[in-house]
1. Take THR143 and tell me if it is within 12 Å of the chain's Cα centre (by Cα) and either surrounded by fewer than 18 Cβ atoms within 10 Å (Cβ to Cβ) or modelled with pLDDT under 95 (or both).
2. Under 7 Å between Cβ atoms, at least 6 apart or on separate chains: pull out the pairs that start in the range 94-109 with a residue that is at pLDDT 95 or above and among the acidic types (Asp, Glu) and end on any residue that is buried (at least 19 other Cβ atoms within 10 Å of the Cβ) and in a loop (DSSP other than H, G, I, E, B).
3. Would you say PHE48 is over 25 Å from HIS121 (Cα atoms) and among the aromatic types (Phe, Trp, Tyr)?
4. Any residue at all in the range 27-39 that's touching a Lys or Arg at 6+ places or on another chain (Cβ under 6 Å), of a type in the set (A, V, I, L, M, F, W, C) and more than 15 Å from ASP125 (Cα to Cα)?
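The values are calculated or read from the model by the stated rules, or taken from the named source; none is laboratory data. Not measured: the values here are computed from a predicted model. As a convention, Cβ positions derive from the backbone with ideal geometry for all residues, glycine included, and neighbour counts pool all protein chains shown.
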Amino acid sequence: MTQISLKNSNLFKVALYEPDIPQNTAAIIRLCACLGARLDIIQPCGFFTNNKKFKRVLMDYGNKCDLKFFENFSYFKKEKKNSRIILMTTKAKKKYFNFKFKLNDTILFGRESAGVPRNIHKIVDHKLIIPIKKNTRSLNIVTSVAIALSEALRQNSNIKKNGN
């Protein structure tokens, strides 16, 4: 398990279950760095982190992201025993914007190619969907992370209604 910690445990966490597209993972690292979220990566990954495509998208954001790798889902679940795991999935009924996110929630995303296994669907705390038009399959995972994380941050911000 490798960890780069920015010492802030009271923040939202995004988790990727066995990611398999290096460019998407790198873009999510960059997104989490910019929005101040921790990224948990549940291994195994479908690529090596020294992959050229990964490094090109990552640029210098790897050192700016609070990043933690978990050997497998069991280790990940064990660490989350005192917080909620919210799975973003096309197989949910509850819409993400009708859900109340809390600080310390972990928003879990499945593999780009296969989602998460059925047994994980059964043990997460909540399952949410980003509604899309009929006859479309899904959004790109980076877009989905940006939508869900932005909503969680919006709901929990200390920004006044007038934007100041």
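1. Values: within 12 Å of the chain's Cα centre (by Cα): yes; either surrounded by fewer than 18 Cβ atoms within 10 Å (Cβ to Cβ) or modelled with pLDDT under 95 (or both): yes.
Yes: the conditions hold for THR143.
2. So the pair list comes out as ASP105/PHE12.
3. yes
4. Checked against the condition, which is being touching a Lys or Arg at 6+ places or on another chain (Cβ under 6 Å), of a type in the set (A, V, I, L, M, F, W, C) and more than 15 Å from ASP125 (Cα to Cα), the range 27-39 yields at least one hit.
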